[in-house]
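Worksheet: the structure to be examined is printed underneath.
What follows is calculated from the coordinates using simple rules that are stated; it is not laboratory data. None of these values were measured; they are calculated from a predicted model. Positions of Cβ are generated from backbone atoms using ideal geometry, with glycine treated the same way; all protein chains shown enter the neighbour counts.
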């Protein structure tokens with residue numbers, strides 16, 4: 001974690017090689033890091049997913065966000081089956097490199113339920129309330 005300790009004291013505008021930082025990322029036991037997707041222009045938090053080094057490299061190389069699907073154990077190119085793609089506008093890492101922030105341009109809903117984002121369950125007292133509408137019938141998301 002020497003790179004991230006070094007970054008703590010660098011002045012605004014100073015930098016370190018990206019490849020060196022990636023070599024020091026604290027991947028979990030499955031080789032993954034959490035990635036928060038945020039709409040670049042509104043700041044709306046859309047979803048949280050996971051990335052491995054391959055997904056990270058593909059996202060940076062091509063601009064279409066690619067994640068690692070823990071349920072399918074495969075790369076998941078956001079939108080490849082639904083058409084609801086995420087185009088990377090900016091990537092950030094938190095202070096110790098254990099979380100990625102992806103500022104994206106989301107086409108349509110980000111959530112597989114057809115809602116704009118995955119955070120539609122709101123805690124209100126002793127209840128969990130759905131507080132966002134379905135924008136697209138979920139069955140329509142996977143007809144490609």
Relative contact order %, the range 2-142, counting alpha carbon pairs below 8 Å whose residues are six or more apart: 20 percent
Subtracting the Cα-Cα distance from 0.36 nm times the residue separation, let me have the gained length for residue 22 to residue 44 in nm, one decimal. 5.3 nm
Going by how many other Cβ atoms sit within 10 Å of their own, how do 91, 47 line up, fewest first? 91, 47
Name the shape class, rounded, prolate or oblate, that the alpha-carbon gyration tensor gives for the range 101-143, where a ≥ b ≥ c are the square roots of its eigenvalues, rounded holds for a/c under 1.5, and otherwise prolate holds if a/b is larger than b/c and oblate otherwise. oblate
To test your reading of the geometry: what angle, between 0 and 90 degrees and rounded to tens, separates the Cα axis of helix 53-62 from the longest principal axis of the chain? 80 degrees
Could you tell me how far the Cα centroid of the range 33-49 sits from the Cα centroid of the range 67-115, in Å? 8 Å
Overall dimensions of the range 2-142 as given by Cα atoms, namely Rg and Dmax in Å: 16.6, 50
How much length, in nm to one decimal, is gained on full extension between residue 8 and residue 53, taken as 0.36 nm per residue of separation minus their Cα-Cα distance? 13.9 nm
